[in-house]
Amino acid sequence: MQLSIIGTGHVGLVTGACFAEYGNQVVCVDNDVRKIETLRGRKMPIYEPGLEELVLKHVDAGKLRFSTEIRDAVRDAEVIFICVGTPQLPSGAPDLSYIEAVSREIARHLEEYRIIVEKSTVPVQTGQRVKMTISKYVKKDVPFDVASNPEFLREGSAISDTLHPERVVIGVESKRAEDLLRRIYEPFNSTFVVTDIHSAELIKHASNAFLALKISFINSVANVCEATGADVEEVARGMGLDTRIGKGFLRAGIGYGGYCFPKDVEALIRIAHDLRYDFGILREVQNVNVDQRIRFVNRIEKELWVLKDKTIGLLGLSFKPNTDDIRESPAIEVGRELLRRGAKVKAYDPQAIPHVQRDAKISEQLKGVVFCKDAYEAAADADCLALVTEWDEFRKLDFERIKSTMSHPTILDGRNFFDPAALKRLGFTYHSVGRA
Ligand code: UDX
């Protein structure tokens, strides 16, 4: 089929490449001319494992192309996926101006039947707004459908999440839209959840908020573990084997970050508030999440007694491994708090350092941090090594070498990543989150 994607961010670009992989002709549109030029120049604007290979494969096969014109998206494809950003406004509410602008622009070019599918994460009832906007701006009486088809991909495993989704949620108002979307997703060999548009929209926000809740829940359990000598890993394993609870998202640590969870939890609180419902449980999810980073820094401080002028080696800056994304990264929050308390910070991350250096706001927040070429440089002369993002390469570190160059062999593990017994055997003072 001919498909178009408007917005070539993480979701749009990955979705476009994966649709091409399943045999469709895809045009990806973005009004960011530089981004489109980058893509046309065979370079990826984001780091995502496997993305470059997939994009180039389908560009070379003539199945994937890039444009700056929404007109192309509307003219060339029966199904148009809106994947533009919905960033957080200072008020906490999602900024829907890009969705509104794209809806108007689609309406301007509409000449024959099209389905306009929201893939961006949007507040419940946005589909209704998109429909009203298109109806208002369309030139003549052209039939169209609006649908919701939320995306659940995770950064770092976005390609396989998209190619092999656990479910495909389709919110529709007509049989015609349902049939077309089912046809597109047939090769994905997944379970369809077909609902009305409002429910599909809410499935996305509710899913992300629930996952964030699981993380804050297990972090709270970890804090009880620390106070009692219980082990959060064992508790999570024992809980997770109950299929009603499930194993996923029960990894304790310094909390969740990234572009989605913080924004989506806040958005759902706002949406509920606007509907006169107080979603109090989600406010507590946020409180626990913020507190978890502070507790981690407190733990480092407790270990070193005084943080002022102590050197901390920070392992990780991205919000999770396998991505260079630093948005709302707990690792950066920990770095900031350490600086605020007077510590000297040396940081290493396999991918994120150029992003930190390019981002004026975050560079300012991390002013004074020395960026290192590897974990060994970050550990050299440090009073404490703090693991804040669990990149796989940290598992293979030569800890004998690290120990020999550190000022004091102390490791604080914010992601319960290292083996406590092994590090203690090597003579490290080692602490993690919620493990005895
Ligand atoms: C998330 C959702 O998983 C995805 O379905 C949605 O489409 C976008 O938002 P993403 O933000 O890429 O994906 O990352 P995810 O792997 O979900 O992790 C989010 C954060 O939670 C990370 O900071 C991670 O470190 C943290 N996390 C995750 C935990 O602290 N503990 C866990 O058990 C799982």
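The values are calculated or read from the model by the stated rules, or taken from the named source; none is laboratory data. Computed from a predicted structure; not experimentally measured. For neighbour counting, all protein chains shown are included, and Cβ atoms are generated from backbone atoms with ideal geometry for every residue, glycine included.
Looking at the structure I just gave you, is Ala252 hydrophobic (A, V, I, L, M, F, W, C) and assigned to a loop (DSSP other than H, G, I, E, B)? Judged against the criteria, Ala252 is a match.
Within segment 224-247, the residues that satisfy the criterion of being within 14 Å of the ligand (Cβ to nearest atom) and either under 23 Å from the mean Cα position of the chain (by Cα) or surrounded by 14 or more Cβ atoms within 10 Å (Cβ to Cβ) (or both) are Val232, Glu233, Val235, Ala236, Met239, Gly240, Ile245, Gly246, Lys247.
When the residues of segment 255-281 are filtered to those that are within 15 Å of the ligand (Cβ to nearest atom) and part of a helix (DSSP H, G or I), which remaining residue is nearest to Glu337 (Cα to Cα)?
Of the residues in segment 255-281, the ones within 15 Å of the ligand (Cβ to nearest atom) are 255-268.
Imposing the further condition that a residue be part of a helix (DSSP H, G or I) reduces the set to 261-268.
Working: Phe261: 21, Pro262: 19, Lys263: 21, Asp264: 24, Val265: 23, Glu266: 22, Ala267: 26, Leu268: 28 Å.
Among them, the one singled out is Pro262.
The condition (being out of contact with any helix residue (DSSP H, G or I) (no Cβ under 9 Å at 6 or more places or on another chain), within 12 Å of the ligand (Cβ to nearest atom) and not assigned by TED's automatic domain parsing to the domain that holds Gln286) is satisfied by just one residue among Glu186, Glu166, Glu151, Glu155: Glu166.
Going by what's in this entry, would Val193 be described as within 25 Å of the chain's Cα centre (by Cα) and within 16 Å of Ile115 (Cα to Cα)?
In short, no.
Rundown of residues vs (1) in contact with a Gly (Cβ under 9 Å, 6 or more places away or on another chain); (2) closer than 25 Å to Lys263 by Cα; (3) not in a loop (DSSP other than H, G, I, E, B), yes/no style:
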residue: Lys320; (1), (2), (3): yes, yes, no
residue: Glu328; (1), (2), (3): yes, yes, no
residue: Val334; (1), (2), (3): yes, yes, yes
residue: Gly342; (1), (2), (3): no, no, no
residue: Glu364; (1), (2), (3): no, yes, yes
residue: Lys367; (1), (2), (3): no, no, no
residue: Glu390; (1), (2), (3): yes, yes, no
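Of Glu303, Glu201, all but one fail to be part of a helix (DSSP H, G or I) and surrounded by fewer than 21 Cβ atoms within 10 Å (Cβ to Cβ); the exception is Glu303. Total residues in segment 24-44 satisfying the condition of being under 29 Å from Tyr185 (Cβ atoms) and either among the small types (Gly, Ala, Ser) or outside the structural domain of Val79 (by TED's automatic domain parsing) (or both): the figure is 0. Against the test of being buried (at least 20 other Cβ atoms within 10 Å of the Cβ) and touching an Asp or Glu at 6+ places or on another chain (Cβ under 7 Å), the options Gly127, Gly92 yield a single qualifying residue, Gly127.
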